[in-house]
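One structure is given here, and the rest of the page talks about it.
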Amino acid sequence: MQSFSATELDRAAALLLNGGLVAFPTETVYGLGADASSASAVSRIFEVKGRPKGHPLIVHAASLESAMPLASEWSETARELAAAFWPGPLTLILPASPLALDEVTGGQRSVGIRVPGHPVALGLLQAFAKVGGSGWLAAPSANVFGAVSPTRAQDVVRSLGGRMGEGDAVIDGGASSVGLESTIVDCTVSPPRVLRPGGIPREAIDAVVRLADSEVAKRQSAPRVSGSLASHYAPRTPLKLMSQEEMHKCLAQLQSAPKRIAVWCLGDETDPQGRALIAQLNASANCELLLAPAQPDAYGQQLYARLNDWDQAGFDEIWLERPPEGLAWEAVLDRLGRASGG
């Protein structure tokens, strides 16, 4: 990870104070930040990303103390979760105070807040407060709306470089360590419920506060939150999520209809069927094969970078082997389902 001087962060903070946008690293993905207290600055996020108006944003703060004025109520549950997981990849949905702008909340009476666990993000938030700013940054992912999220500065530049202006900036803080967006927990209800799986596993949250049963939560109406659309996080290149059997069948079809395919297999070479598939993929002139990590944390950390790179490389299709079911893979499977169109 790169280091940044106070002077560099002060320059970025000054841009934010003047209504500019600053793309900055977090441990989850890169965010496109604007002063959360400025309606005009927040509106530029929607303009630059091509994001539909009314789609709520997450507000980033430097600490629980600085975040508190944004919510009209902090339940004991919310405080416990903040104490356990902030700074970190957890967003809390709370009753919005009048300080949370409609442009940020999407006109709802709730607001999403998190304290990021990345030193550059925290340094930028602190610098913004130091130069007289609100200290709050509304920051969705720093990419065109609906596209693959950026986990490196180069991904931001590829996606938004032609859309940002002279008064905007991109801070390169190296690759995001988590690589998937934050877990979103709705604390406006009791018991709280997970609205988006992410960087904090469900079981870790459930160990701190008892969560609502996931099936019950699905049947209840819930606030609109970031990243909840059926199709999202999607590369321009068609993405297919397949079992090993489905890959075998598609490989056979390539002989009659050649395409250039990027393939990410989990690569369990202890399994005879997995070994056979890897051998077949390696033998195909149409396929570029890479083996994916077998652990969900490592898989999630690499996923978006892999998709962003392949999206630039001119492949006709991207094939991903479907990871196993289970809570450990919940966030990864959520993103893959949305990236492949459900």
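The values are calculated or read from the model by the stated rules, or taken from the named source; none is laboratory data. All values derive from a computational prediction rather than experimental measurement. Using ideal geometry, Cβ is built from the backbone for each residue, glycine included, and neighbour counts are taken over all protein chains shown.
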Taking first residues from region 272-291 that are of a type in the set (S, T, Y) and second residues anywhere that are surrounded by 15 or more Cβ atoms within 10 Å (Cβ to Cβ) and in a helix (DSSP H, G or I), the pairs with Cβ under 7 Å that are 6 or more apart or on different chains are S284/L251; S284/L254
Residue pairs within 6 Å by beta carbon, gap of at least six or interchain, first lying in region 294-323 and within 25 Å of V157 (Cα to Cα), second crowded, with 19+ Cβ neighbours inside 10 Å and of a type in the set (D, E), listed first then second, are N308/D155
Among R114, R163, R109, R158, the single one that is basic (K, R) and free of Cβ contacts under 8 Å to residues at least 24 places away in the same chain is R109
Those residues of region 315-326 which are among the aliphatic types (A, V, I, L, M) and at pLDDT below 95 amount to none
* Is there a residue being in contact with a helix residue (DSSP H, G or I) (Cβ under 6 Å, 6 or more places away or on another chain), buried (at least 16 other Cβ atoms within 10 Å of the Cβ) and within 17 Å of S37 (Cβ to Cβ) anywhere in region 78-92? -> no
Matching residues in region 290-316 (surrounded by fewer than 19 Cβ atoms within 10 Å (Cβ to Cβ) and over 20 Å from the mean Cα position of the chain (by Cα)) number 6
